[in-house]
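Colleague: This is the structure, below, for whatever I ask next.
Just so it is clear, none of the values below were taken in a lab; they were calculated from the coordinates. These figures come from a predicted structure and were not determined experimentally. FYI the Cβ positions are ideal-geometry reconstructions off the backbone, even for glycines, and counts take in every protein chain you see.
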Amino acid sequence: MMLALAGLASAADQPRTIIDLTDTIRVGMVEDTIGGAAMKALGIDEVAMSPEMSFAKTTGRSTRVCLSSQVGTHMDAGAHAEPQGWPINQAPLDQLIVPGVVVDVRDKNDEQGIMPADLEKYAIHRGDAVLFLFSYPKPKPGEMFTQSFLTEEAAQ
């Protein structure tokens with residue numbers, strides 16, 4: 001899936017940058033991001049890829065890919081967090097390419113919340129998509145994944 005942060009032109013007809021945030025799907029990506037302990041605790045399987053069609057039998061080649069909808073680049077549906085939330089096939093696609101700001105918080109750890117001061121250096125406007133760039137070091141054996149978080153004050 002490609003997530004775009006900006007339309008093709010602004011109101012002043014200035015070109016905007018479209019940023020592709022797609023993570024490469026690969027065997028090992030789940031363990032590298034959340035770790036084996038989290039995989040076991042949450043019941044998330046590793047990405048699996050296997051050949052399913054080959055030139056020996058047909059005129060093409062394809063690969064079967066199996067992965068959780070919660071790994072890699074994805075968008076959570078309303079139903080992910082709310083029992084009565086909207087399903088992903090009802091995502092408002094016309095609202096997914098919007099002006100946006102990437103907030104780099106790779107220097108934060110799981111004990112440091114994102115504060116209003118972390119946001120003040122960015123030009124964030126009402127209606128912008130705000131995407132946080134976290135660092136996710138590979139968990140050590142037995143560790144669950146960790147990440148920083150947005151404080152209530154920063155969310156306001």
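Colleague: What translational diffusion coefficient, in µm²/s and rounded to a whole number, does the Stokes-Einstein relation yield for the chain at 4 °C and a viscosity of 1.567 mPa s, taking the hydrodynamic radius as the Kirkwood radius over Cα pairs?
Modeller: For the chosen part, D equals 70 µm²/s.
Colleague: Another question, if that's okay. List every residue whose amide H lies under 5 Å from the amide H of LEU150, counting only residues 5 or more places away in sequence or on a different chain, with H placed 1.01 Å from N in the peptide plane.
Modeller: ILE114
Colleague: So who's got an amide H within less than 5 Å of the one on ASP104, skipping anything under 5 residues away but keeping other chains? H placed 1.01 Å off N, in plane.
Modeller: Here the answer is LEU133, since their amide H atoms fall under 5 Å of that of ASP104.
Colleague: Going highest first, how would you order 31-37, 136-142 by mean Cβ packing within 10 Å?
Modeller: 31-37, 136-142
Colleague: While we're here: Given the options MET49, ALA79, GLY36, identify the residue whose Cα lies farthest towards the positive end of the charge dipole of segment 22-83 (+1 on Cβ of Lys, Arg; -1 on Cβ of Asp, Glu).
Modeller: Farthest towards the positive end: MET49.
Colleague: Suppose a student asked you for the relative contact order of the chain, using Cα pairs under 8 Å spaced at least 6 residues apart; what percent would you report?
Modeller: Relative contact order for the chain comes out at 25 percent.
Colleague: Can you work out ³J(HN,Hα) from phi for every residue in segment 26-40, in order, using Karplus 6.51 cos²θ - 1.76 cosθ + 1.60 and θ = phi - 60°, giving whole Hz and x for Gly and Pro?
Modeller: 7, 5, x, 5, 5, 4, 5, 9, 10, x, x, 5, 5, 4, 5
Colleague: Which whole-angstrom value gives the distance between the alpha carbon centres of segment 55-124 and segment 28-45?
Modeller: 18
Colleague: When you count, for each residue, the other Cβ atoms within 10 Å and take the mean per peptide, how do 146-153, 79-86 rank with the highest first?
Modeller: 146-153, 79-86
Colleague: Below 11 angstrom from the Cβ of VAL101, what's the summed charge of the other residues (Lys, Arg +1; Asp, Glu -1)?
Modeller: -1
Colleague: Express the relative contact order of segment 74-129 as a whole percentage, based on alpha carbon pairs under 8 Å and six or more residues apart in sequence.
Modeller: 30
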